[in-house]
Amino acid sequence: MNDELLINRCLQLAKLSEGLVSPNPMVGAVLVNDNKIISEGYHKAYGLPHAEYNAINNVKDKALLKGSILYVNLEPCCHYGKTPPCTDLILKSGIKKVVICNTDPNPKVAGTGIRILKEAGVDVVVGVLKEKGLELNKRFFTFHNKKRPYIILKWAQTLDGFMDIERRASKVEKYWITNEVLRVWAHKQRAENDCILVGKTTIINDNPQLNVRYFKGNSPIRITIDKDLTIPKDRFFFDGQQKTIIFNSKYDLIDGNTTFVKLNFETQVLEQIIHYIYSINKNSLIVEGGLYTLESFINSNLWDEANVLVGDKCFKNGLPSPKHLLNDKEVTKTYYDSNWIEQYTNSYV
């Protein structure tokens with residue numbers, strides 16, 4: 001059977017667990033015997049058995065395993081974690097060949113799983129659909145290779161380039177820019193990532209919940225930067241309904257679901273925040289506003305992907321978006337009725 005076709009199937013299976021396995025990678029596995037698929041499996045949630053285990057365990061006639069080919073989009077693990085090493089199970093099963101998309105960047109694996117299999121006489125092929133595998137697990141690869149979370153910028157803007165109305169009072173006001181389809185898309189993105197950050201002014205003006213309401217999944221950790229702790233306590237950020245981190249200059253404190261983290265505001269604030277997120281083993285961050293916060297990440301070149309949601313409305317005046325800062329970046333455009341998403345990628349970070 002065609003190696004690329006079967007690895008592509010592994011990637012399809014792996015994606016079924018998006019938002020459920022972090023900080024682990026998304027992995028799918030397919031078993032083939034005599035040119036026939038005899039089993040499939042994927043890593044369903046963090047702490048549960050890995051894709052290889054599920055694929056092997058799903059085979060009713062274990063005699064078929066001897067001489068079978070295992071297709072998997074990431075190098076099998078070779079260490080004890082939440083589950084035993086997959087390399088041990090593969091060798092015990094008698095699988096004769098393993099076809100892999102990507103090498104695991106985790107220092108606990110990093111080619112050792114491949115070496116163990118080869119030394120035991122298993123035929124190993126590596127690098128099939130490598131780029132597609134890197135894209136699927138971009139959060140995982142960024143976390144291990146760059147020692148930081150994968151950073152996504154996201155905002156909505158009008159046709160005439162504004163991301164907010166002109167604020168004339170301190171009261172909370174909300175104005176929808178995009179259609180319902182893109183609202184669902186935005187909540188799907190939240191469910192697929194670990195953390196979401198907005199600036200203090202956005203919380204004061206908009207009082208966002210920053211949870212997942214229009215899509216099934218886990219809500220991300222809410223994060224903000226409030227140097228002097230001036231955000232009113234009646235905002236959703238203090239409702240205790242989901243994990244929340246507030247970076248400030250005053251103190252460190254854990255109060256239920258809310259963690260206060262003291263920073264040194266005299267130097268590299270964003271780098272301190274990114275390092276903290278990495279230190280708590282979270283591999284992705286959405287930066288959703290406001291303008292000052294978004295521009296700070298862009299100007300510091302601390303971002304991997306930017307999603308600009310464009311609605312079919314015009315404000316005529318208000319708060320302009322930072323889109324001009326992305327003009328030299330590669331962009332793809334996807335339409336959703338009369339609205340669209342412009343996705344920019346930053347390959348130099």
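The values are calculated or read from the model by the stated rules, or taken from the named source; none is laboratory data. All figures in this text were calculated on a predicted structure; none of them were measured in a lab. Neighbour counts run over all protein chains shown; Cβ positions are idealised from the backbone, glycine included. Heavy atoms of the whole protein, side chains included, go into the accessibility calculation; ligands, DNA and RNA do not. Shrake-Rupley method; radii C 1.70, N 1.55, O 1.52, S 1.80 Å.
One residue is enough: does region 56-69 have a residue meeting the conditions out of contact with any helix residue (DSSP H, G or I) (no Cβ under 6 Å at 6 or more places or on another chain), over 16 Å from Asp3 (Cα atoms), among the polar types (S, T, N, Q) and open to solvent by 10 Å² or more (accessible area, probe 1.4 Å)? Within region 56-69, one or more residues are out of contact with any helix residue (DSSP H, G or I) (no Cβ under 6 Å at 6 or more places or on another chain), over 16 Å from Asp3 (Cα atoms), among the polar types (S, T, N, Q) and open to solvent by 10 Å² or more (accessible area, probe 1.4 Å).
When Leu159, Leu153 are checked against the criterion of being more than 15 Å from Cys10 (Cβ to Cβ) and surrounded by fewer than 17 Cβ atoms within 10 Å (Cβ to Cβ), a single residue qualifies: Leu159.
Take Asn301 and tell me if it is in contact (Cβ under 8 Å) with a residue 24 or more places away in the chain, under 21 Å from Ile223 (Cα atoms), among the polar types (S, T, N, Q) and in a loop (DSSP other than H, G, I, E, B). Yes.
Of the residues making up region 255-270, none is part of a loop (DSSP other than H, G, I, E, B), under 27 Å from Val181 (Cα atoms) and either in contact with a Gly (Cβ under 8 Å, 6 or more places away or on another chain) or at pLDDT below 95 (or both).
If you filter region 81-109 down to residues that are of a type in the set (A, V, I, L, M) and open to solvent by less than 60 Å² (accessible area, probe 1.4 Å), you find that the one that is nearest to Asn2 (Cα to Cα) is Val99. Annotation: of all residues in region 228-261 being closer than 19 Å to Val212 by Cβ and of a type in the set (Lys, Arg), the one that is nearest to the chain's Cα centre (by Cα) is Lys243. Given the criteria part of a helix (DSSP H, G or I), farther than 30 Å from Ala186 by Cα and among the basic types (Lys, Arg), does Lys132 qualify? The answer is no for Lys132.
Looking only at residues in region 1-47 that are among the small types (Gly, Ala, Ser) and surrounded by 15 or more Cβ atoms within 10 Å (Cβ to Cβ), which one is farthest from Ile196 (Cα to Cα)? Out of the qualifying residues, it is Ser39. In region 219-234, of all residues being out of contact with any Phe, Trp or Tyr (no Cβ under 7 Å at 6 or more places or on another chain) and surrounded by fewer than 17 Cβ atoms within 10 Å (Cβ to Cβ), the one that is nearest to Thr267 (Cα to Cα) corresponds to Asp228. Reported count of residues in region 319-349, each being open to solvent by 30 Å² or more (accessible area, probe 1.4 Å), touching a strand residue (DSSP E or B) at 6+ places or on another chain (Cβ under 7 Å) and outside any strand (DSSP E or B), is 2.
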